[in-house]
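Have a look at the structure below before the remarks.
The values are calculated or read from the model by the stated rules, or taken from the named source; none is laboratory data. Owing to the predicted nature of the structure, the values given are computational and were not obtained by experimental measurement. Here Cβ is always computed from backbone atoms with ideal geometry, including for glycine, and neighbour counts include all displayed protein chains.
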């Protein structure tokens, strides 16, 4: 049996052409169809040069399994999520490698209701069928193929999260990351202009180009942020927005061009949701991950919501949101999830909410977050590649446990040390430890404890 290393923990991602190619894409389509037995599946692809061919091969596999294919063309992952739940389709597949290098591609899979197909919810079964590659003859009644557009309905849905008429004059730098998000920004701009909404867009890296002339679209990397910062300063913009390769994550920059850590956006969006209708939202649940928590808990609680801790990762967050019927969930990695978006993550809804919050409060983004950063300074995620990461976790636990006020093992280890806390967790796919440290209003303490932990881990 031919093993397929492109199957990762929660999606499909591999180097071209040895780990992922058109033959493998066809087999994934056949396996998806055989496992789920859907009548209709929606497909789309990002701007990568190989996405169209892989999407075609995937579609041929689906059609040979008797599945009708609806192709929405160039899209972001969230457009597949939207099409799947909005049209009541049996499933969806987005061809994308998000922020991976240019010689990679992959797929993100969902079933009806845009529920994720991940490691323990069908992905391993699809992998097994694709690896076995023992499919019956193609169905006598092959599935059909049709190109469709959901863009108008999708943009209309995005604008339900705000009251566009409440937006005050604002200038936004939008970095579409080599063009993936560009078509959505253009459509929102047309809606705003038609309605007289005073939003000006300054567009950079806007045209679709799968050669990635402006680098890998991954704003988590400091070297990928400078263009957005420079444009914010040059155009005296009120906010900068940059997206990753399939724009299911957005990253925000304040009016001074400063990158805002995703952690502080979680609390900000939680507050924005709760403040949008205080009576209706009273007691609403907000899901957050364990890496950095104090600011989110403080902001959500003060706004009348209930913070709920959940293991890191989109499959865990989405499942917990459904269980709790949470209105919003956020991760410090800039994934933001919304109940009315089928509990899925969106890179478009967050910046709309923040722009509205800035208008409503009459404050710049820097003012909205600077107080929070001072109250709960944090290290940001620091990675350490180790030969035996589990031994390092046990060493750290033994060192601090006796002085800890609380120990939580929801995801790795989280220790509350009173005036400071930390989370240490193992990466899903490599021998890397990820460390996050925060304190209560004491940046020197946070810095000192971060250094202390890193020395213990790395020595």
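No other residue among 110, 174 is more than 25 Å from residue 339 (Cα to Cα) and not in a helix (DSSP H, G or I) apart from 174.
In a loop (DSSP other than H, G, I, E, B), touching a residue at least 24 places away in the same chain (Cβ under 8 Å) and in contact with a strand residue (DSSP E or B) (Cβ under 7 Å, 6 or more places away or on another chain): is that true of residue 89 in this structure? Write out each step before concluding.
Details: in a loop (DSSP other than H, G, I, E, B): yes; touching a residue at least 24 places away in the same chain (Cβ under 8 Å): yes; in contact with a strand residue (DSSP E or B) (Cβ under 7 Å, 6 or more places away or on another chain): yes.
Criteria met by residue 89.
Is it the case that residue 348 is under 12 Å from the mean Cα position of the chain (by Cα) and either under 20 Å from residue 420 (Cα atoms) or surrounded by fewer than 24 Cβ atoms within 10 Å (Cβ to Cβ) (or both)? Spell out the reasoning first.
On the way: under 12 Å from the mean Cα position of the chain (by Cα): yes; either under 20 Å from residue 420 (Cα atoms) or surrounded by fewer than 24 Cβ atoms within 10 Å (Cβ to Cβ) (or both): no.
No: the conditions fail for residue 348.
Considering every residue within the range 182-199, establish whether at least one is in contact with a strand residue (DSSP E or B) (Cβ under 6 Å, 6 or more places away or on another chain) and buried (at least 24 other Cβ atoms within 10 Å of the Cβ). Walk me through how you get there before you give the answer.
Applying the first criterion (in contact with a strand residue (DSSP E or B) (Cβ under 6 Å, 6 or more places away or on another chain)) to the range 182-199 yields 185, 189, 192, 199.
Among the residues that remain, those that are also buried (at least 24 other Cβ atoms within 10 Å of the Cβ) are: none.
Within the range 182-199, none of the residues are in contact with a strand residue (DSSP E or B) (Cβ under 6 Å, 6 or more places away or on another chain) and buried (at least 24 other Cβ atoms within 10 Å of the Cβ).
Within the range 22-39, if we keep just the residues that are in contact with a strand residue (DSSP E or B) (Cβ under 9 Å, 6 or more places away or on another chain) and part of a loop (DSSP other than H, G, I, E, B), the residue that is farthest from residue 105 (Cα to Cα) turns out to be 39. Entry remark, the range 286-318: residues being under 28 Å from residue 8 (Cα atoms) and surrounded by fewer than 19 Cβ atoms within 10 Å (Cβ to Cβ) number 3 in total. Among the residues making up the range 242-274, a single one is surrounded by 24 or more Cβ atoms within 10 Å (Cβ to Cβ), closer than 11 Å to residue 219 by Cβ and over 14 Å from the mean Cα position of the chain (by Cα): 253. Would a scan of the range 406-414 turn up a residue that is assigned to a loop (DSSP other than H, G, I, E, B), surrounded by 20 or more Cβ atoms within 10 Å (Cβ to Cβ) and either without any contact (Cβ under 8 Å) to a residue 24 or more places away in the chain or in contact with a strand residue (DSSP E or B) (Cβ under 9 Å, 6 or more places away or on another chain) (or both)? Yes, some residue in the range 406-414 is assigned to a loop (DSSP other than H, G, I, E, B), surrounded by 20 or more Cβ atoms within 10 Å (Cβ to Cβ) and either without any contact (Cβ under 8 Å) to a residue 24 or more places away in the chain or in contact with a strand residue (DSSP E or B) (Cβ under 9 Å, 6 or more places away or on another chain) (or both).
Just one of the listed residues (83, 65) is more than 18 Å from residue 117 (Cα to Cα) and assigned by TED's automatic domain parsing to the domain that holds residue 115, namely 65.
Counting the residues of the range 86-112 that are surrounded by fewer than 21 Cβ atoms within 10 Å (Cβ to Cβ) and within 22 Å of the chain's Cα centre (by Cα) gives 8.
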